[in-house]
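The structure appears below as structure tokens.
The values are calculated or read from the model by the stated rules, or taken from the named source; none is laboratory data. Owing to the predicted nature of the structure, the values given are computational and were not obtained by experimental measurement. All Cβ positions, glycine included, derive from the backbone under ideal geometry; neighbour counts span all protein chains shown.
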Amino acid sequence: MTKNFVNQIDQLLKISKRILLVEHDPIRRSEIFNFLKQQKHEIFVAKDGMSASEKINVDTYDLFIIDKNLPYNDAMTLYRSIKNKRLNTPVIFITDKKEECEVAMIEYNNFKENFISTLKSIIENTLQAKSQDDDSNKETYTIGAFTLDPKFRLLRYKDNAPVKLTPKETKLLKLLIKFNNKLVDKNTLQQKVWYNDENISFGSMNVYISRLRKLLKKDKNVNITNVYKVGFKISG
């Protein structure tokens, strides 16, 4: 599985709490259900397209995981139904064939060794990242001689008067400081700062980075570097 593919699934899992699993095979359905349940996802199951459609009509979900090999071509019928309802819910197809599809596709030769192990690795990384996010009670962050107060959006250099930041600048700087000396990729920035706005470009992000660089230049040891079209890293 490619790194880009793993990143796609990683992002979906990070933002998906309620998952509808549509799987015809009872053993495979049980394996996926039990595994994701252990990871604190809220899992709902259906064994065919008809029962899945009934659930979709009465409830909402963050992610669909669909067996590509449902009987009677139910998978594609279900997918068209999802698109016709104009649902923006992402879809992961599970398949044993190497096919191209407009949605994320999980390919496996051996189910447990590929799909489950990949999800396990991704979810472990997700939980680790989440533990770093669970610091909402933390009042201030420091980088070099600067102190950031995210609650009031204030950036202070030593004992100087603080500078008021915009909400986006605050979220961006806070995220960079939390991952001090580590690259924060564009996908993470889109999710954490721009709430999955796919229209935000790397150039637009760089506008905010340029503003932060100007504010941080008082401390020559604090620097924000960028890897073009990949992400940014702060050090100090």
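Looking only at residues in the range 199-236 that are modelled with pLDDT under 85, among the hydrophobic types (A, V, I, L, M, F, W, C) and in a loop (DSSP other than H, G, I, E, B), the one that is surrounded by the most Cβ atoms within 10 Å (Cβ to Cβ) is Ile200.
The set of residues from the range 203-236 being more than 17 Å from Lys174 (Cα to Cα) and within 17 Å of the chain's Cα centre (by Cα) comprises just one member, Val230.
Do we find that Val91 is outside the structural domain of Lys192 (by TED's automatic domain parsing), at pLDDT 85 or above and touching a helix residue (DSSP H, G or I) at 6+ places or on another chain (Cβ under 8 Å) in this structure? Taking the combined requirement at face value, the residue does not satisfy it.
Residues that are of a type outside the set (A, V, I, L, M, F, W, C) and within 21 Å of Arg28 (Cα to Cα) were ranked within the range 47-61; the one that is surrounded by the fewest Cβ atoms within 10 Å (Cβ to Cβ) is Ser51. Whenever a residue of the range 60-80 is within 14 Å of Val45 (Cβ to Cβ), its partners that are modelled with pLDDT under 85 and in a loop (DSSP other than H, G, I, E, B), lying with C-beta atoms within less than 6 angstrom and at least six residues away or across chains, give the pairs Tyr61/Thr89; Leu63/Ser16; Leu63/Pro90; Phe64/Thr89.
Scanning the range 1-38 for residues that are at pLDDT 70 or above, in a loop (DSSP other than H, G, I, E, B) and not charged (D, E, K, R) gives Ser16, His24.
Inside the range 24-43, residues that are within 17 Å of Pro90 (Cα to Cα) and exposed (fewer than 15 other Cβ atoms within 10 Å of the Cβ) make up a count of 1. Only one entry of Leu119, Leu127, Leu148, Leu175 meets the criterion of being within 18 Å of Tyr208 (Cα to Cα), under 16 Å from the mean Cα position of the chain (by Cα) and either at pLDDT 90 or above or assigned to a helix (DSSP H, G or I) (or both), and that entry is Leu175.
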